[in-house]
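The values are calculated or read from the model by the stated rules, or taken from the named source; none is laboratory data. For clarity, every value in this text was computed on a predicted model and none was experimentally measured. All Cβ positions, glycine included, derive from the backbone under ideal geometry; neighbour counts span all protein chains shown.
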Amino acid sequence: MEERFSRTELLLGSFAMEKLARSRVAIFGVGGVGGYAVEALARSGVGKLTLIDNDKVNLSNINRQIIATDKTIGQYKVDALKERILSINPDCEVKTYKTFFLPETADIFDFTEYDYVIDAIDTITGKLEIIKCSKAADVPVISSMGAGNKLDPTAFTVADIYKTSVCPLAKVMRTLCRKNGIESLKVVYSKEPPKKPENGGNTDNAASCISEEQTEKTSAKKRAIPGSTAFVPPVVGLIIASEVIKDITSK
């Protein structure tokens, strides 16, 4: 008899599937990148997912976010995604936080609960805090670098933060990681130079290509909104999910 994850089990084996079912993965940011990462994790049999995002679905999300449809506009993203996860795997344990993650809100979360952490947010201070909290709890973490203003999904690759180049956000994060004594960090990044949006947005700074999302409310008015497509953020999210699955099952 075919089971829900039987095709995956043919490749990973029953022991790996059991590990995935017992694992809890926290995903900070469930937009274009994070949403597709969650989708792949749910369809791979990860049994416990924690979703952190304070945004609601809006019309401009429809071009790239897996949860964004006319029916979900106005819903909290974590709520829409939880419903989708449970329609894929009713046995999955899903926790949601309608929280904008920053150092000021970090105390809400116990990182020792997680078996893996995905950083898919676009605020530099928040990204750094996620990394610091994960490292302090000795929990594996993978971080998404700039996905906005990019057109080539084949240019993305996995590397240590100190081996990245070209990506403006990765440059900022390298400096911050070095200053904070972070010796290594797995990231997904692209060497494709950011494109200049048709609206004349500035691509000469890290903020313009941080991600496809524009959730940093305090600075949204100070920088151009990055362009994005239906085929770049999903690839980044799927690469991240594949790394998480690989690392969890190889332990």
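Some observations on this one:
- Failed item in (1) charged (D, E, K, R); (2) in a helix (DSSP H, G or I); (3) surrounded by fewer than 20 Cβ atoms within 10 Å (Cβ to Cβ), with residue 39 passing the rest: (3)
- Any hit, region 44-61, residues being more than 17 Å from residue 243 (Cα to Cα), over 15 Å from the mean Cα position of the chain (by Cα) and assigned to a loop (DSSP other than H, G, I, E, B): yes
- Of the residues making up region 1-20, those that are assigned to a helix (DSSP H, G or I) and surrounded by fewer than 16 Cβ atoms within 10 Å (Cβ to Cβ) are 6, 7, 10, 11, 14, 15, 18.
- The one condition in (1) within 30 Å of residue 18 (Cβ to Cβ); (2) touching a Pro at 6+ places or on another chain (Cβ under 8 Å) that residue 64 fails to fulfil: (1)
- Check on residue 165, polar (S, T, N, Q) and touching a residue at least 60 places away in the same chain (Cβ under 8 Å): no
- In region 139-153, the residues that are closer than 17 Å to residue 65 by Cβ and charged (D, E, K, R) form Cβ pairs under 7 Å with partners that are crowded, with 24+ Cβ neighbours inside 10 Å and at pLDDT 95 or above, at six or more places apart or across chains, as follows: 150/190; 150/232.
- Subset tally (residues that are surrounded by 15 or more Cβ atoms within 10 Å (Cβ to Cβ) and free of Cβ contacts under 8 Å to residues at least 24 places away in the same chain) for region 74-110: 5
- From the options 70, 53, residue that is surrounded by fewer than 16 Cβ atoms within 10 Å (Cβ to Cβ), of a type in the set (D, E, K, R) and modelled with pLDDT of 95 or more: 70
- Taken as a whole, region 155-162 holds at least one residue that is of a type in the set (A, V, I, L, M), modelled with pLDDT of 95 or more and not in a strand (DSSP E or B).
- Among the residues of region 57-94, those that are touching an Asp or Glu at 6+ places or on another chain (Cβ under 9 Å) and among the charged types (D, E, K, R) comprise 64, 77, 84.
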